[in-house]
Amino acid sequence: MFDQLSSGSPIDLLDDAIYRWRGIAQWPETEATVYSCAWVDDRENGGGWYDVTFTYWGNGEIKEGSFRNFDRETASPYFRGDSFTLRYNPKRPSSFYYANERSNLSSLRLMLLFVVIGTLAGLIMIGLFG
(Lines give C-alpha, C1' and ligand atoms only; values in the text may rest on other atoms or scores of the structure.)
Protein backbone atom coordinates (compact mmCIF):
# COMPACT_ATOMS: atom_id res chain seq x y z
CA MET A 1 0.00 0.00 0.00
CA PHE A 2 2.67 2.52 0.97
CA ASP A 3 5.07 1.71 -1.86
CA GLN A 4 2.50 2.19 -4.62
CA LEU A 5 2.21 5.98 -4.65
CA SER A 6 0.63 7.56 -7.70
CA SER A 7 2.58 9.95 -9.90
CA GLY A 8 -0.09 11.70 -11.95
CA SER A 9 0.01 15.32 -10.83
CA PRO A 10 2.92 17.60 -9.85
CA ILE A 11 1.93 17.40 -6.18
CA ASP A 12 1.90 13.58 -6.39
CA LEU A 13 5.40 13.73 -7.86
CA LEU A 14 6.50 15.97 -4.99
CA ASP A 15 4.91 13.60 -2.45
CA ASP A 16 6.65 10.63 -4.08
CA ALA A 17 10.02 12.40 -3.95
CA ILE A 18 9.62 13.34 -0.29
CA TYR A 19 8.45 9.79 0.53
CA ARG A 20 11.57 8.32 -1.09
CA TRP A 21 13.96 10.99 0.24
CA ARG A 22 12.82 10.40 3.83
CA GLY A 23 13.14 6.61 3.38
CA ILE A 24 9.59 6.03 4.60
CA ALA A 25 9.28 2.76 2.64
CA GLN A 26 11.87 1.25 5.01
CA TRP A 27 10.15 2.41 8.21
CA PRO A 28 8.45 -0.37 10.20
CA GLU A 29 4.68 -0.67 10.07
CA THR A 30 2.53 -0.79 13.19
CA GLU A 31 -1.14 -0.69 14.10
CA ALA A 32 -2.54 2.54 15.47
CA THR A 33 -5.70 2.70 17.60
CA VAL A 34 -7.97 5.74 17.52
CA TYR A 35 -8.47 7.36 20.91
CA SER A 36 -10.72 10.20 19.78
CA CYS A 37 -12.10 11.91 16.71
CA ALA A 38 -13.66 15.31 17.36
CA TRP A 39 -15.17 17.83 14.95
CA VAL A 40 -13.64 21.33 15.08
CA ASP A 41 -15.92 23.98 13.59
CA ASP A 42 -14.15 26.72 11.64
CA ARG A 43 -16.94 29.29 11.33
CA GLU A 44 -14.55 31.96 10.09
CA ASN A 45 -13.69 29.99 6.95
CA GLY A 46 -16.99 28.15 6.62
CA GLY A 47 -15.88 24.60 7.25
CA GLY A 48 -13.94 22.58 9.72
CA TRP A 49 -12.04 19.38 10.32
CA TYR A 50 -11.82 16.31 12.49
CA ASP A 51 -8.97 16.15 15.03
CA VAL A 52 -7.99 12.48 15.19
CA THR A 53 -5.87 11.34 18.15
CA PHE A 54 -4.43 7.84 18.32
CA THR A 55 -1.81 5.65 19.98
CA TYR A 56 0.66 3.17 18.47
CA TRP A 57 3.68 1.06 19.41
CA GLY A 58 7.02 2.46 18.25
CA ASN A 59 10.30 0.83 19.31
CA GLY A 60 8.59 -0.94 22.22
CA GLU A 61 6.93 2.21 23.59
CA ILE A 62 3.41 3.55 23.37
CA LYS A 63 3.40 6.74 21.32
CA GLU A 64 0.60 9.22 20.74
CA GLY A 65 -0.08 10.96 17.47
CA SER A 66 -2.70 13.11 15.85
CA PHE A 67 -3.69 14.52 12.50
CA ARG A 68 -6.47 16.59 11.01
CA ASN A 69 -8.95 15.12 8.59
CA PHE A 70 -10.36 17.99 6.53
CA ASP A 71 -13.85 17.01 5.54
CA ARG A 72 -17.45 18.05 5.89
CA GLU A 73 -19.23 17.50 9.18
CA THR A 74 -21.05 14.29 8.44
CA ALA A 75 -20.58 10.88 10.00
CA SER A 76 -17.25 10.74 11.83
CA PRO A 77 -14.52 9.18 9.66
CA TYR A 78 -13.02 7.43 12.73
CA PHE A 79 -14.43 6.05 15.95
CA ARG A 80 -12.76 5.25 19.28
CA GLY A 81 -11.13 1.83 18.98
CA ASP A 82 -10.79 1.90 15.17
CA SER A 83 -7.37 0.82 13.96
CA PHE A 84 -5.24 1.63 10.93
CA THR A 85 -1.71 0.92 9.76
CA LEU A 86 1.00 3.56 9.79
CA ARG A 87 4.78 3.67 9.53
CA TYR A 88 7.03 5.21 12.18
CA ASN A 89 10.62 6.41 12.06
CA PRO A 90 12.73 3.88 14.03
CA LYS A 91 15.29 6.62 14.81
CA ARG A 92 12.57 8.93 16.13
CA PRO A 93 9.47 6.84 16.94
CA SER A 94 7.32 9.91 17.58
CA SER A 95 7.58 10.70 13.85
CA PHE A 96 5.03 8.77 11.80
CA TYR A 97 3.62 8.54 8.31
CA TYR A 98 -0.01 7.69 7.64
CA ALA A 99 -0.90 7.38 3.95
CA ASN A 100 -4.39 8.91 4.30
CA GLU A 101 -2.83 12.03 5.78
CA ARG A 102 -1.05 12.75 2.51
CA SER A 103 -3.77 15.01 1.15
CA ASN A 104 -3.36 17.45 4.05
CA LEU A 105 0.40 17.47 3.69
CA SER A 106 0.06 17.80 -0.06
CA SER A 107 -1.82 21.07 0.30
CA LEU A 108 0.86 22.50 2.57
CA ARG A 109 3.65 21.35 0.27
CA LEU A 110 1.91 22.81 -2.73
CA MET A 111 1.56 26.18 -1.01
CA LEU A 112 5.23 26.09 0.03
CA LEU A 113 6.26 25.17 -3.50
CA PHE A 114 4.36 28.14 -4.92
CA VAL A 115 5.87 30.49 -2.32
CA VAL A 116 9.38 29.31 -3.18
CA ILE A 117 8.75 29.60 -6.94
CA GLY A 118 7.19 33.05 -6.48
CA THR A 119 10.11 34.21 -4.34
CA LEU A 120 12.66 32.95 -6.87
CA ALA A 121 10.75 34.58 -9.73
CA GLY A 122 10.64 37.86 -7.79
CA LEU A 123 14.38 37.75 -7.09
CA ILE A 124 15.11 37.08 -10.76
CA MET A 125 12.88 39.99 -11.81
CA ILE A 126 14.60 42.30 -9.33
CA GLY A 127 17.98 41.19 -10.67
CA LEU A 128 16.96 41.75 -14.29
CA PHE A 129 15.19 45.08 -13.88
CA GLY A 130 16.64 46.41 -10.62
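Structural remarks
- Accessible area of segment 30-86 belonging to carbon and sulfur atoms, whole % at 1.4 Å probe: 44
- Neighbourhood charge, 15 Å Cβ-Cβ cut-off, centred on PRO93 and excluding it, Lys, Arg +1 and Asp, Glu -1: +1
- If R0 is 30 Å, the Cβ-Cβ spacing of ILE124 and ASN45 corresponds to a FRET efficiency of close to 0.35.
The values are calculated or read from the model by the stated rules, or taken from the named source; none is laboratory data. Note that the structure is a prediction, hence the values are computed from the model and not measured. With ideal geometry, Cβ positions are generated from the backbone for all residues, glycine too; neighbour counts draw on all protein chains shown. Ligands, DNA and RNA are excluded from the accessible area calculation, which covers all protein heavy atoms including side chains. Shrake-Rupley method; radii C 1.70, N 1.55, O 1.52, S 1.80 Å.
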